[in-house]
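Step one of this worksheet: look at the structure below.
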Amino acid sequence: MSTPMHSKPEQILTTASTLRWEIGERLHDATIESLYREAARIAGRAVILKDGKPRFSFDRTLDRLVTSRVFGFPLMFLMLAVVFWITIEGANVPSGLLANFLVDIAHPFLKETGASLGFPWWLNGFLFDGMYLAMAWVISVMLPPMAIFFPMFTLLEDFGYLPRVAFNLDALFRRAGAHGKQALTMAMGYGCNAAAIISTRVIDSPRERLIAILTNNFALCNGRWPTQILVATIFIGALVPSHLASAASALAVVGVVLIGIFFTFLVSWGLSRTVLSGEVSTFSLELPPYRPPRIWRTLYTSVIDRTLIVLWRAVIWAIPAGAVIWLVSNIQIGGESIAEWTIGSLDPVGILIGLNGVILLAYIIAIPANEIVIPTILMLTVLVSGSAEVGGGAGVMFELDSETATAAVLHAGGWTLLTGINLMLFSLLHNPCSTTLYTIYKETGSARWTWVSALLPLAIAFIVSFFVAQIGRMVGLE
Amino acid sequence: MTTLNPQQCEVCPVNKDAKLIRLGLEAGKFEFVVALAGNPNVGKSTVFNSLTGLRQHTGNWPGKTVVRAEGAFSFDGKRYKLVDLPGTYSLLSTSTDEEVARDFILFGQPDVTVVVVDATRLERNLNLVLQVLEITEKAVVCLNLIDEAKRHGIVVDERALMRDLGVPVIPTAARADQGIPALLQAIAEVATGAFVCKPKRFPIESGVLRKAISKMTAKVQLAFPSLPNPRWVALRLLEGDQRIVEAIKTGELGDLTRQTALEKSLTGKGTKEMNDEHAHAF
């Protein structure tokens, strides 16, 4: 009879370890060597070069330029600035058209229809002034910049530019004690932080992966781009003559991106020298060939996969948020609405850090999605400053036809250049949205690190805004 | 009479490409499981998309696919499940993505493993092909990016390659949907056994090592007579690969010889799941 099955595995393992003693370490090298030799031999027989050697000259020249020590970074920022400039310039007109249709035409029509159907005032207000207007605002403000920004970003990605960015940033990340591939996950964060958190799986070392997760928030996500672009247009663009306004606003947004990169390095450096210390792992990053992007397919997929998915997310969060805003503005306790009461109590803290109670309340309401911060702020500002003639009354989210009107509301709410700057900084640095936090929890499996990833950026946001406010007030920005 | 461009045939409904039905994410029963392996950034996700009709995000940077993506298609009346593996340069070391790829090819026992290679960087890509051919003999090499190779003045003689590797080699330009029908035909032939692969296995020169390897291979063969890759298992054991040692101890390797790939894919056993979620990158 043959040996029983269960003893066989052990026999195999014993033989293996005996033989391993005999051959030592040579096998690994010998295997690799013969593998490479065989691959070279087969490739040598199959590959025919037309001119004796492959022509990669275009790729090489371009690579030398975009990864050069001198031109690499300036080219990167120039490209970013041009992309923002096109986004800001191009989004204005379609935004206005959409707002005109959704708010000026569709909204009164819906309210009249509601009234003619015999809806009570509170139901009509809750449905159309709260939920519908929140959704309309998000669509008109977010759709045009996304439809311009995402295809441009995707074209750069398809062309093969992202690995060059990673190559440029690699040395800096290594000096900060982090993994060079963090540059790639950071770039993903400029689209969506939650998706970027999943993409940190490309980083093998758990230590470096945690650093990448905890600092990803400093990459502005598409929920925050509209905030940055709008506030920069109102407060920074206004500082220069009108024909330079778009360029100045674009540069201000690039500045915010740079501050974000600076904090990414600073926090990575801090973490890798304290709680997450360890060796920096090496890796090889292949610079892929430049490929001519397939323009139509890219436009199609970036509109379907990115723009519509992100917009859908914004809309499904804006609808309940609109409802909440309408309710807190219309439910009165002791002669004061809940919103007014909360804003009043948050004001001292807000003003201390160069913001105000309205902004802080808006950030609390907007925890599920950064996309709705600006509409919430505008609506709440109208509520407390009482400039009801611009808006539509308590709890109505509205779209203002032009940036001038938006600016008028904000100035009436006591906003200054300093408030604008601090809002941009706070939007960059504050805690990630709840979707991202949930993704972090799923990826790390640790409630502790999830809390750290929420509280660390929030603390940094408060500290930075506080100091900027103090310095700004000293030099008379207010 | 007008001359026909061969590329036009590929989009003609009379062509056998018409036998392809893209099933997207559809679940259900499958006759065959196909794995998609390859170096990073050679267009695996593009091939995946053109076979399944899905729009898995593609991007021109290595490491885009960090999770296993699955899709399905039907060709010539047979249903196939397609698994897109993370891109790896080798299957020898132990990073997570290499482990996911290797474990699926070994323990998932796909009916066909398609290795997508970059025609402009053939030599380096062949390292992975040779390693895959050590583990499984049912393989098809998808010689992708031939359009790019042409642009760089590189021509690959796929017949010579096919002779040397012992498996079908299909030139494609997946970005332009070229060569996909021929790839499907090859996958079907290998899956059904109509084409029998006779893969070349790389030789080990040193006599001492060769003797140790053949001794070990014989042992493995004796214990698991129907294992398709005794030499590879022997090599891994001689290198002290803990994952394989573990698989022998727990009987996982023994199970391979009794269970078909399909049963495995249904029970989910033996495939190390990282996360089935599709990492959609915005």
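Things to note:
- Residue count for segment B:71-95 under the criterion of being buried (at least 20 other Cβ atoms within 10 Å of the Cβ) and either away from chain A (no Cβ under 13 Å) or at pLDDT below 65 (or both): the result is 10.
- Any pair with Cβ under 8 angstrom, 6 or more apart, that starts in segment A:11-38 at a residue that is facing another protein chain (nearest Cβ under 7 Å) and ends at one that is open to solvent by 90 Å² or more (accessible area, probe 1.4 Å) and modelled with pLDDT of 85 or more: A:T15/B:K215; A:L19/B:K215
- Residues of segment A:69-91 classified as open to solvent by 70 Å² or more (accessible area, probe 1.4 Å), more than 30 Å from A:A171 (Cα to Cα) and free of Cβ contacts under 8 Å to residues at least 60 places away in the same chain, total: 0
- When segment A:277-302 is filtered for residues that are surrounded by 16 or more Cβ atoms within 10 Å (Cβ to Cβ) and either assigned to a helix (DSSP H, G or I) or on the phi > 0 side of the Ramachandran plot (or both), the ones remaining, listed by number, are A:T298, A:L299, A:T301, A:S302.
- The set of residues from segment A:353-369 being open to solvent by 10 Å² or more (accessible area, probe 1.4 Å) and under 19 Å from the mean Cα position of the chain (by Cα) comprises A:Y363, A:I364, A:I365, A:I367, A:P368.
- Here segment B:179-204 is the region considered, the condition is being more than 17 Å from the chain's Cα centre (by Cα) and surrounded by fewer than 18 Cβ atoms within 10 Å (Cβ to Cβ), and the residue that is farthest from the other protein chains (Cβ to nearest Cβ) is B:A194.
- Considering residues of segment A:173-186 that are more than 9 Å from chain B (Cβ to nearest Cβ) and within 17 Å of the chain's Cα centre (by Cα) only, the residue surrounded by the most Cβ atoms within 10 Å (Cβ to Cβ): A:Q182
- The set of residues from segment B:167-178 being small (G, A, S) and away from every other protein chain (no Cβ under 11 Å) comprises B:A173, B:A174.
- Tabulated pairs, segment A:131-152, first under 10 Å from A:T307 (Cα atoms) and β-branched (V, I, T), second in a helix (DSSP H, G or I) and open to solvent by less than 20 Å² (accessible area, probe 1.4 Å), C-beta under 7 angstrom, 6+ apart or interchain: A:I148/A:T87; A:I148/A:A91
- Residue among B:V132, B:V156 that is among the hydrophobic types (A, V, I, L, M, F, W, C), open to solvent by less than 10 Å² (accessible area, probe 1.4 Å) and at pLDDT 90 or above: B:V132
- Flag if A:V464 is assigned to a helix (DSSP H, G or I), at pLDDT below 85 and open to solvent by 20 Å² or more (accessible area, probe 1.4 Å): no
- Residue that is surrounded by the most Cβ atoms within 10 Å (Cβ to Cβ) [pool: residues in segment A:139-168 that are under 16 Å from A:I295 (Cβ atoms) and β-branched (V, I, T)]: A:T154
- Scanning segment B:106-133 for residues that are more than 10 Å from chain A (Cβ to nearest Cβ) and farther than 20 Å from B:D157 by Cα yields B:L106, B:F107, B:G108, B:Q109, B:P110, B:D111, B:V112, B:T113, B:V132.
- Filter result for B:V115 (outside any strand (DSSP E or B) and modelled with pLDDT of 90 or more): no
- Qualifying residues in segment A:191-227 (those that are more than 9 Å from chain B (Cβ to nearest Cβ) and modelled with pLDDT under 80) - the one least open to solvent (accessible area, probe 1.4 Å): A:G223
- With respect to being within 14 Å of chain B (Cβ to nearest Cβ) and more than 23 Å from A:T298 (Cβ to Cβ), A:D170 fits the description.
- Filter pass, A:P375 being surrounded by 22 or more Cβ atoms within 10 Å (Cβ to Cβ) and at pLDDT 75 or above: yes
- Qualifying positions in segment A:257-276 - outside any loop (DSSP other than H, G, I, E, B) and open to solvent by less than 30 Å² (accessible area, probe 1.4 Å): A:V257, A:G260, A:I261, A:F263, A:T264, A:V267, A:S268, A:G270, A:L271, A:S272
- For segment B:168-271, the helices (runs of 4 or more DSSP H) that sit wholly inside it and include 2 or more residues that are at pLDDT 80 or above are B:180-192, B:207-223, B:230-238, B:242-249.
- Filtered residue count, segment B:75-130, keeping only those that are without any contact (Cβ under 8 Å) to a residue 60 or more places away in the chain, touching a strand residue (DSSP E or B) at 6+ places or on another chain (Cβ under 9 Å) and among the small types (G, A, S): 2
- Count of residues meeting criterion [touching a residue at least 24 places away in the same chain (Cβ under 8 Å) and either assigned to a helix (DSSP H, G or I) or at the interface with chain A (Cβ under 9 Å from one of its Cβ atoms) (or both)] in segment B:144-160: 8
- Verdict on A:F58 being touching a residue at least 60 places away in the same chain (Cβ under 8 Å), of a type outside the set (A, V, I, L, M) and open to solvent by 60 Å² or more (accessible area, probe 1.4 Å): yes
The values are calculated or read from the model by the stated rules, or taken from the named source; none is laboratory data. None of the values given here were measured: they were computed from a predicted structure. Please note: Cβ atoms are built from the backbone with ideal geometry, for glycine as well, and neighbour counts cover all protein chains shown. All accessible areas refer to the heavy atoms of the entire protein, side chains included, with ligands and DNA or RNA removed. Shrake-Rupley method; radii C 1.70, N 1.55, O 1.52, S 1.80 Å.
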